[in-house]
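The values are calculated or read from the model by the stated rules, or taken from the named source; none is laboratory data. Quantities reported herein were computed from a predicted structural model and do not represent experimental measurements. Cβ coordinates were reconstructed from backbone atoms using ideal geometry, including for glycine residues, and neighbour counts include every protein chain displayed. What goes into the accessible areas is simple: the full protein's heavy atoms, side chains included, and nothing from ligands, DNA or RNA. Shrake-Rupley method; radii C 1.70, N 1.55, O 1.52, S 1.80 Å.
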Amino acid sequence: MAWWWWWSEAVVVGGGTGGGSSGTVVSICVFTAVLCVCLVAGHLLEENKWVNESITALLIGCVVGAIIFLLSEGKNSRILRFDEQLFFIYVLPPIIFNAGFQVKKKQFFHNFLTIMSFGIFGVFISVAIVSTGCYWLFPKVGFGDLGAVDYLDLILFTTTALGAIFSSTDTVCTLQVISQDETPRLYSLVFGEGVVNDATSVVLFNAIKNLDITQLKGGVALKVISDFLYLFFTSTMLGVTIGLSTAYALKALYFGRHSTDREVALMALMAYLSYMLAEFLDLSGILTVFFCGIVMSHYAWHNVTESSRITTRHIFATLSFIAETFIFLYVGMDALDIDKWKTSETSFKTSLGIFGIIISLVLLGRAAFVFPLSIMSNYMSGSSEKAPITFNHQVVIWWAGLMRGAVSIALAYNQFTFSGVTLDPVHATIITSTIIVVFFTTLVFGFLTRPLISAILPHQHRQSTTPGTGGGGRSTGSNSPKDDFIMPFLSPDEEASGSGSGFLQAKRSISMLLERPVHTVHIYWRKFDDRFMRPIFGGPMERDRGNCY
């Protein structure tokens, strides 16, 4: 066992801050090998969607963590210990950028108002319910009575932060079961709400962090909303600006005539630059990189060679898949970190009570906005061609947002640990509670996703996973980004209806705007896009789209 003693010592050293280089190399090698095991296991379980990559990575992480824990005699359970900024600086950017880059924009913008209502207003409702419930119920199970001097300030910030942490969703399990061909609107709503929800949760969490809890006044809600709106719009504009700049550079300089590698490198580096620049300016990097991905896919992607298009699509999806697998694998190992459980100083009964409260509030907070907003969306759609959101579809949307994943973990670790370690009992309890909730929702709700959807939507059939995505992350299932970029928002008959006298056209436009506001905005946006944007930033013109069907 001498070799194991040396390796375990190397792991502990490599996992610390400033450990030896040999220990770090060994740790990284072992962690990479475990990642490869996750990939192989996910491949073998590809046909059995009861278990997806997230569940596989969690279980493998637990097994590896248990082995390390036993062989190190309870000293350690992780292969590596990372700085708390790792998740936000290196892991989350590829996940969110790929979500924006691969999003099916036709369906996304066709259901824009509904998606935004779920992803923005829904998060505010969920945060309010989870925060209020935690503030009211935690003391009843014995959590919070820790003798802290600033107890009120502490519990206010803690419960508000928990509201944002547990309002972030992970819709991967549900997306892998829903058929995009049979229910395109349902798929679009689940996917769109998932990515907007992540961005909103992070922006709102940052706005809450900037509050001075000790000087709360009556206008605190307005302060949070104003900070959120500022972060949301400035981050969005930064992402759009960098995306357009990249598209213009690729179109004007034509890198492909010399090297396609430069095209791919420029897109990847500019995407990462958008994220880091937003963080430098104290904006939301996640929101910035998401909209940067949308703009790049709409303009920049058309300005590169065909080989670069294929390469960018696969490399972004691959990085996203590896990053998400990495997070769940690390969480699986970190769940057995005995130091966190000892530091939390909460009894089993209290921990069970905290877990039950959070799960109940997550279920309630999700239902509080999904069903009312779905009914409102159906009412606003009226007699348009949109398929209504049926009650069964509402249940699927509600269920899809119950699982917690990468963003929840990242927010909790970023705020309540330092280099993966915390010495504060309250913070340790939050981390352990987050781990339990992520485990429970991913494993239990993830396992039940397929039978539930099969019972509610009996005609659903799983669509084959996009080649190159690995089935992980938030893949859209599209065969190519080009399929959506070249599809017009309107039918030929609707386009032809724009002809006629100016008065009749204006009257028709006003009527359409009142009856179908989003659809009407699409008409004028496409005209503006074809006339001004695409000639400058690239992309197929309207006259070329008919040849691409």
Problem - Matching residues, region 301-311, being surrounded by 17 or more Cβ atoms within 10 Å (Cβ to Cβ) and either at pLDDT 90 or above or over 22 Å from Thr236 (Cα atoms) (or both) - result: Asn303, Val304, Ser308, Arg309, Thr311
Exercise for the section: Scan region 92-131 residue by residue and report those that are within 15 Å of the chain's Cα centre (by Cα) and among the β-branched types (Val, Ile, Thr). Expected result: Ile95, Ile96, Val103, Ile115, Ile120, Val123
Exercise for the section: Could you please give the count of residues in region 249-284 that are buried (at least 17 other Cβ atoms within 10 Å of the Cβ) and outside any helix (DSSP H, G or I)? Expected result: 2
Exercise for the section: Check off (1) in contact with a helix residue (DSSP H, G or I) (Cβ under 8 Å, 6 or more places away or on another chain); (2) touching a residue at least 12 places away in the same chain (Cβ under 8 Å) for Thr318 and give me the number that stays unchecked. Expected result: (1)
Handout entry: Top-ranked residue of region 322-375 - restricted to ones that are of a type in the set (Ser, Thr, Tyr) and in a helix (DSSP H, G or I), ranked as most open to solvent (accessible area, probe 1.4 Å)
Key = Ser360
Handout entry: Total residues in region 407-461, condition part of a helix (DSSP H, G or I), among the small types (Gly, Ala, Ser) and over 16 Å from Phe166 (Cβ atoms)
Key = 4
Practice task
Kindly check whether there is at least one residue in region 338-360 that is among the acidic types (Asp, Glu), within 27 Å of Pro139 (Cβ to Cβ) and in contact (Cβ under 8 Å) with a residue 60 or more places away in the chain.
Solution key: yes
Fill in the blank from the handout: From the option list Phe82, Phe88, Phe97, single residue qualifying as within 19 Å of Gly285 (Cβ to Cβ) and modelled with pLDDT under 75 is Phe82
